[in-house]
1. Run through the range B:1-84 and list the chymotrypsin sites (Phe, Trp or Tyr not before Pro) located in a DSSP loop whose Cβ has at most 15 other Cβ atoms within 10 Å.
2. Quick one: which residues, 5+ away or cross-chain, put their amide H under 5 Å from the amide H of A:GLY28? H built at 1.01 Å from N.
3. Quick check for me: using +1 on Lys/Arg Cβ and -1 on Asp/Glu Cβ, what's the dipole size of the protein assembly as shown about its Cα centre, in debye to the nearest 20?
4. Using a Gaussian network model on chain B with a 10 Å cutoff between Cα atoms, which of B:THR181, B:THR237, B:THR279 fluctuates the most?
5. What does the charge count near B:SER214 come to, summing +1 for each Lys or Arg and -1 for each Asp or Glu among other residues with Cβ under 10 Å from its Cβ?
6. Decide, for chain B, between rounded, prolate and oblate: order the square roots of the alpha carbon gyration tensor eigenvalues as a ≥ b ≥ c, take rounded if a/c falls under 1.5, and otherwise choose prolate if a/b is larger than b/c, else oblate.
7. For the range B:205-245 and the range A:85-128, write down the distance between their C-alpha centroids in whole Å.
8. Residue-wise, which Karplus ³J(HN,Hα) couplings in Hz belong to the range B:99-105, taking 6.51 cos²θ - 1.76 cosθ + 1.60, θ = phi - 60°, and x for glycine or proline?
Amino acid sequence: MIEFRDLVKSYGDRTVLGPVSGRIEEGGITSLIGPNGAGKSTLLTLLGRLAAPTSGTVLLDGTDVHRTPSAEMARRLAILRQDNHFTARVTVRELVAFGRFPHSRGRLTAEDHEHIDRALGFLDLGDLAGRYLDQLSGGQRQRAYVAMVLAQDTRYALLDEPLNNLDIKHAVRMMEQLRSAADELNKTVVLVVHDINIAAGYSDHIIALRDGAIVANGTPAELMDPDLLTRIFDTPVQVHEVDGRPLAVHHR
Amino acid sequence: MLRRLALPCAVLVVLGLVVASLLTGGYDIDLHSLLHDPEARRMFLISRVPRTLALILAAAAMAVSGVIMQMLVQNRFVEPTTTGTAEWSALGVLLLTLVAPGAPVLVKMACAAVFAFVGSVLFLSLLGRLALRSQVIVPIVGIMLGAVVGAVTTYIASSANLMQTLPAWRSGGFSSVVKGTYEPLWVVGVLVVVLYAVADRITIAGLGRDMAVSLGLSYRRILYLGLAMVALATGVTSIVVGFLPFLGLVVPNLVSMVRGDDVRSNLPWAVLGGVALLTVCDLIGRTVVAPLEIPASVILGAVGAVIFLSLILRRFARGGAVHA
Ligand SMILES: Nc1ncnc2c1ncn2[C@@H]1O[C@H](COP(=O)(O)OP(=O)(O)OP(=O)(O)O)[C@@H](O)[C@H]1O
Ligand SMILES: [Mg+2]
C-alpha cells in the first residue's frame, strides 16, 4: 500500500500541489485523472521519489520512500515519467535490459533474459529490439519505455501517461497487459490517463485532481457522473450507457 | 562472423601503429640494431618505449574522459578541453608551482586533478543555473570558460616568469617524454579498469537523472565519481604531456555512431580508437618535418577541429536535433 500524508509541492511561493492525503491499496490499477496542470505528474513523481515534497511523507508498505536507499526502492517500485529524452544512443533491447539493473547490477542471468524477452513480447517490440531509440516512432519509443518498467518487475509501477502516442490497438493491448499484471501477479499499478473511458474501463480506482487538490476519489462507477466530470474538466460531459458500461461523451 | 573478427583486427592495426611509433625517431634504431647494438637497445628503452607508452596511456585517458563526460553531461560535444577542465588543471599546476616549486610529481598530479574536478563541478552548476540544454551551446560555454581560465593562467605565469611550466604552453608534445617522466600516466590504466567496473552505471546515468533514480542508482554519487575519474585522467595527462584537444570528442562520437552508447562494450573501441588517432597524429608530426617535430596535439587540433565541425554540421543537417 502507498500512503501519502499532507503532501505539498511548491515552486518558490507557488504551491502547485496539496496538501493532499490518501492511499493506494495493494493490487489493482489506480488512475489519476484531471485537466492539464492539475498536479497529476507532480503527485506521481512525489510518490515515485523522483522529486522531494516541500512537506509531507510518502510511505510504501510502511517505509518512507524518500528515506529508503534508492537501490532498495528500485526493486519495489518503478516509475516512468511523462517525458523522456536522452542523447545516449541505446537499442530497445539494451534499454529494456537496464530494467533488470536493480536486480542483477549489470550481470544479466538467464532469468533476467526471460524477463527482458517477455517484456519485449508484451509490448510487441520483438522486431524492433535491435533498433536504436532514435530510429523509432513516438509510440514505438513509448512502448520501449514501458517495456523497461515491466522488465523491472516491481510490485509497484507508476506510469505517467503510458498511452501517449499509442494507436488504439497498442493502447488497448497495453491496458490489457497492465490489467493482467494486476489480476494475475497482484501488481499495483498507478497511471496518469487522459482518456476517461479508458480509465473507467480498466481501473479499480480513480483519483481526480484539479488545481493541486484531490477533488474526487472512488470507483469508476462513482466517478462516471456527468456533473462531477463536468466540474472536474470545466467542459460539458455526458455519460451514456453502452453495452451496460458507462461511457463519457464530450463532443457534439 | 565479421563482428567477431572486428575487434581482433582493430587490435592488430593498432599494434602495427604502435610498432611503427616505436621504430620512428631521431636515433638510428631498427630491428637489426636492437638485436646487435646494446647502445641502441638502451636508447630504445630510455626514450622510444616511454614515449610510445605515454602516447597509449594519454590517448586512453582522453578517450575515456570523453566517453564519461558525454554520458554524464548528456551532450555529444563535451570533453576535457571543451569544458574548461583541462585549463583548470593547468591553473592548479601553476598555482602549486608558485607556492611550492619543488613539489613531487604525485602532489602536482593531485593538485591538477583537484582543480580539474572543481572546474568541472563549476561548469556543471553553471549549466544547471542557466538551464542550458542545447547540444551546441554547452560546449561553446565550456570553451569560453576554458579560455577565461586559460587567460588568467597565462597572465599569472607570465608575470611570475613561469611560462615554461604551463601544460598549455607545452601543448601536448611527446618529444620530451623519457623514462622517469611518463610513469604517473600508469594511473590511467587503473582508471580504465574502474570504468569497466562502473560502465553500466555510467550508461544509465546517460539516460538522465530520473531514469537513473528509478533504476536505483545514486545519481549524485555516480556523477561525482565520473567527474573525479575525468579530473584525474586530465590532470595527469596535462602534467606529463600537455593538452590533447578534441581527442575525447572525436573518438567517442565515431564509436557511438557505429556502435551506440553502451559504455561497457564500447570501452575497448574507445581506447583503441584513441590510441590509433593519437599515434597517427604523432607519426605525422614526427615525419613530415623530420628531423624537426610538430607536437602531436597540433596535428590533433587540426584534424579534431575538422571532425568536430562536421559533427556539428551533421546535427544541423538533421534539423531540430540541434536543440534537443
Ligand atoms: N519545475 C516547475 N516549476 C514551476 N512550476 C511547475 C514545475 N513543474 C510543474 N509546475 C507546475 O505545476 C503544476 C502541475 O503540473 P503537473 O505537471 O503536475 O500537471 P499535470 O496534471 O501532470 O498536467 P498534464 O496533464 O499537462 O501533464 C502546473 O501548473 C505546472 O505549471
Ligand atoms: Mg503530467
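Every number here is computed from the coordinates shown, using simple stated rules; none is lab data. Keep in mind that this is a model prediction, so the values were computed, not measured. Positions of Cβ are backbone-derived with ideal geometry, glycine not excepted, and every protein chain shown enters the neighbour counts.
1. Details: sites: B:TYR27, B:PHE44, B:PHE77; in loops: B:TYR27, B:PHE77.
Those satisfying the criteria are B:TYR27.
2. Those qualifying (amide H under 5 Å, at least 5 residues apart or on another chain) are A:LYS187, A:VAL189.
3. Numbers: 50 positive and 46 negative charges, 282 e Å.
About 1360 debye.
4. B:THR181
5. Values: positive: A:ARG49, A:ARG81, B:ARG209; negative: B:ASP210.
With Lys, Arg at +1 and Asp, Glu at -1, the neighbours total +2.
6. Values: a/c = 1.73, a/b = 1.26, b/c = 1.37.
Oblate, because a/c is 1.5 or more while a/b does not exceed b/c.
7. Each part reduced to its Cα centre gives a spacing of 24 Å.
8. 7, 9, x, x, 4, x, 5
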